[in-house]
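Quick notes on the structure that follows.
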Amino acid sequence: MTKRKQIAIYGKGGIGKSTTTSNLSAALSDLGYSVMQVGCDPKNDSTTTLRGGKTIPTVLDTIRERKNNLDNIVYDGYNGIYCVEAGGPEPGVGCAGRGIIAAIELLDSNGIIEDYDPDIIIYDVLGDVVCGGFAMPIRKGVAEQVYTVTSSDYMAIYAVNNLFKGILKYANKGGALVGGIIGNSIKNSTQEAMIEDFSNHTGTNVINYVPRSSTVTRCELDGVTTIEGAPDSEQAEVYRNLARNVIENKDKIKPKPFYGDDLSEWGFTWITELLQAEKVERDNIQSEGSGI
Ligand code: ADP
Ligand code: MG
């Protein structure tokens, strides 16, 4: 690889960013790339499944304790992945984005990134609010491409639409642009179609659909990624495919978000179909169940 690839993964809390990011990092690492994953969520659990279920001290913690040397910031994860957790303040105290600002500044100013020289840096960012520190990875010179994880839940798509608005604010100042949408926790083709339709309306694209899978849950409980814990599963192949697509994808799209009531009006057009698809699924489960 001639140039380092730097991407940020955004999405609503609990939507599957860290799960997707850690599996993506693990798959990229298996493909032979050196990867750095930077958790940018006050939850501090981005890199946990890369480290056998164990959390690492955060950048903000080490700064507080004045131990900000390299050894206390970058931790070794699955297959040599460089793991960093930005950290955040105590709940209810201060700006939650402060850890992200501190982490990115420290990684940059101390030459840490140059020292480790990863092929790919992935920032895993809580994207409910794209303000202050949370916008930092979008700004000029940090990440160049943004991927956003969403399910077909309206509030998850709402968060993506907000992210697109945030991206536009920095777009003319050299900020990151959209690489693609990752549809997560997919259970039926209607959910895929809805996310696809959102991408069409906003002038973006869907890079991959990731099914909802109990393999992911099982591996998480074992403290590992699906790539590590179930490498032969279909789900692992989905993540490997995502990794290949991310490497090849050069898209940098200026999104066209919905404004005003347009998003909720669009959301309404999908309700009947989504409910119908869920009913079919439930009926199938019941009829399968009755045969037992
Ligand atoms: P986020 O980082 O966006 O807050 P997480 O990655 O921590 O979200 O995921 C939240 C929960 O959803 C976790 O328990 C995770 O195992 C589960 N999850 C995420 N993606 C999937 C999937 N495709 N299939 C099954 N469970 C998933
Ligand atoms: Mg997370």
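Within the group Y147, Y170, Y239, Y154, which residue is out of contact with any Pro (no Cβ under 8 Å at 6 or more places or on another chain), more than 18 Å from T19 (Cα to Cα) and in contact (Cβ under 8 Å) with a residue 60 or more places away in the chain? Talk me through it step by step, then tell me what you get.
Numbers: Y147 fails: more than 18 Å from T19 (Cα to Cα); Y170 fails: in contact (Cβ under 8 Å) with a residue 60 or more places away in the chain; Y239 fails: more than 18 Å from T19 (Cα to Cα).
Just a single option satisfies the conditions, and that option is Y154.
Of the residues that sit in segment 252-268 and are surrounded by 13 or more Cβ atoms within 10 Å (Cβ to Cβ) and part of a loop (DSSP other than H, G, I, E, B), which one is farthest from the chain's Cα centre (by Cα)?
Step by step, filter segment 252-268, then rank; the result is F258.
Taking the stated definitions as given, is D119 surrounded by fewer than 24 Cβ atoms within 10 Å (Cβ to Cβ), touching a residue at least 12 places away in the same chain (Cβ under 8 Å) and over 18 Å from T21 (Cβ atoms)? So that I can check it myself, show each step before the final result.
Numbers: surrounded by fewer than 24 Cβ atoms within 10 Å (Cβ to Cβ): yes; touching a residue at least 12 places away in the same chain (Cβ under 8 Å): yes; over 18 Å from T21 (Cβ atoms): no.
In short, no.
Is it the case that I56 is closer than 28 Å to A230 by Cα, buried (at least 23 other Cβ atoms within 10 Å of the Cβ) and without any contact (Cβ under 8 Å) to a residue 60 or more places away in the chain?
yes
Among the numbered criteria (1) closer than 19 Å to G88 by Cα; (2) more than 16 Å from ligand 1 (Cβ to nearest atom); (3) at pLDDT below 90, which single criterion is violated by I138?
Single failed check for I138: (3).
Okay, residues lined up against (1) surrounded by 13 or more Cβ atoms within 10 Å (Cβ to Cβ); (2) out of contact with any His (no Cβ under 9 Å at 6 or more places or on another chain); (3) part of a helix (DSSP H, G or I):
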site: G88; (1), (2), (3): yes, yes, no
site: C95; (1), (2), (3): yes, yes, no
site: I100; (1), (2), (3): yes, yes, yes
site: A103; (1), (2), (3): yes, yes, yes
site: E114; (1), (2), (3): no, yes, yes
site: G133; (1), (2), (3): yes, yes, yes
site: P137; (1), (2), (3): yes, yes, yes
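Is it fair to say A143 is touching a Phe, Trp or Tyr at 6+ places or on another chain (Cβ under 9 Å), of a type in the set (G, A, S), more than 26 Å from W266 (Cα to Cα) and assigned to a loop (DSSP other than H, G, I, E, B)?
yes
How many residues does segment 212-265 contain that are of a type in the set (S, T, Y) and either touching a strand residue (DSSP E or B) at 6+ places or on another chain (Cβ under 7 Å) or closer than 19 Å to E192 by Cβ (or both)?
Quick first cut of segment 212-265, residues of a type in the set (S, T, Y) only: 213-215, 217, 225-226, 233, 239, 259, 264.
Then drop every residue that is not either touching a strand residue (DSSP E or B) at 6+ places or on another chain (Cβ under 7 Å) or closer than 19 Å to E192 by Cβ (or both), which leaves 213, 239.
Residues meeting the conditions: 2.
Give me the helices (runs of 4 or more DSSP H) completely within segment 159-241, filtered to those with at least 2 residues that are out of contact with any helix residue (DSSP H, G or I) (no Cβ under 8 Å at 6 or more places or on another chain) and closer than 25 Å to D128 by Cβ, ordered by residue number.
Answer list for segment 159-241: 189-201.
Of the residues D45, D30, which is under 23 Å from T215 (Cβ atoms) and within 15 Å of ligand 1 (Cβ to nearest atom)?
It is D45.
What residue, of V125, V160, V142, V178, is under 22 Å from Y239 (Cα atoms), away from ligand 2 (no atom under 16 Å from the Cβ), crowded, with 16+ Cβ neighbours inside 10 Å and of a type outside the set (K, R)?
Matching residue, one of V125, V160, V142, V178: V178.
The values are calculated or read from the model by the stated rules, or taken from the named source; none is laboratory data. Keep in mind that what you see is a predicted model, and the values were worked out from it rather than measured. FYI the Cβ positions are ideal-geometry reconstructions off the backbone, even for glycines, and counts take in every protein chain you see.
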